[in-house]
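The values are calculated or read from the model by the stated rules, or taken from the named source; none is laboratory data. Keep in mind that this is a model prediction, so the values were computed, not measured. Because the Cβ atoms are built from the backbone with ideal geometry, glycine has one as well, and the counts that use them run over all protein chains shown. Just so you know, the surface numbers come from the protein's heavy atoms only, side chains and all, with ligands and any DNA or RNA stripped out. Shrake-Rupley method; radii C 1.70, N 1.55, O 1.52, S 1.80 Å.
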Amino acid sequence: CAKKMTLMLLMALVVLGAVITLCVLFPSWYVITICVVVGLILESAIYYGCEIFCLNLSSKLQTTTADLFAGFRKILKVIGVTICSLLSFVFGLCLFVFFGFKFELSHSMSFFVSYQNAKLKSIDCLKQSRRLMNGNRTRLLKLRLKNFGWILLCLTVIGSVWALPYLLVNKSIFYNDLKTDF
């Protein structure tokens, strides 16, 4: 399982590297915009797949390599959830930095919600995530502060290969705890 996750994360890093390389080679605004949008879509789909893989792993369900590519099967929903989350985060940052992080914490479980409830629209996934996180944002913040060293390790390429799967499994365990409490 760890090898599959590491391979997927390396693929995400290659996509990110390709986007950065294209932006450096062709520094015009429209090429950079296209590369950033395509890169964001691919990274969101890969991240969604990694979260679903970790959710199934932490729930002790059968995990397959196909779970890692779940984001590509539901690409429109992943794009919708990503755009809605990003817009609410930016809107919150425009109001005040505190609100941006509050919105990000509130919507952090939206990919899990969209996987568990396939018929929900993107905005409903964010609403359900906000309901789940109501009263639990400080718990998630404490978990993130506890794992701050791992998060810093994710800033390096080699560190992210080891640290990101650990952080994603922690997040999926936290989501499973929320589901049982909710």
**OP:** Might you let me know whether the range 29-39 holds any residue that is within 25 Å of residue 163 (Cα to Cα), hydrophobic (A, V, I, L, M, F, W, C) and open to solvent by less than 50 Å² (accessible area, probe 1.4 Å)?
**Re:** no
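From the list 105, 164, exactly one residue is modelled with pLDDT under 85 and not polar (S, T, N, Q). Which is it?
The unique qualifying residue is 164.
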Subject >> Residue, nearest to residue 75 (Cα to Cα), within the range 129-144, restricted to residues that are surrounded by 14 or more Cβ atoms within 10 Å (Cβ to Cβ) and polar (S, T, N, Q) >> reply: 129
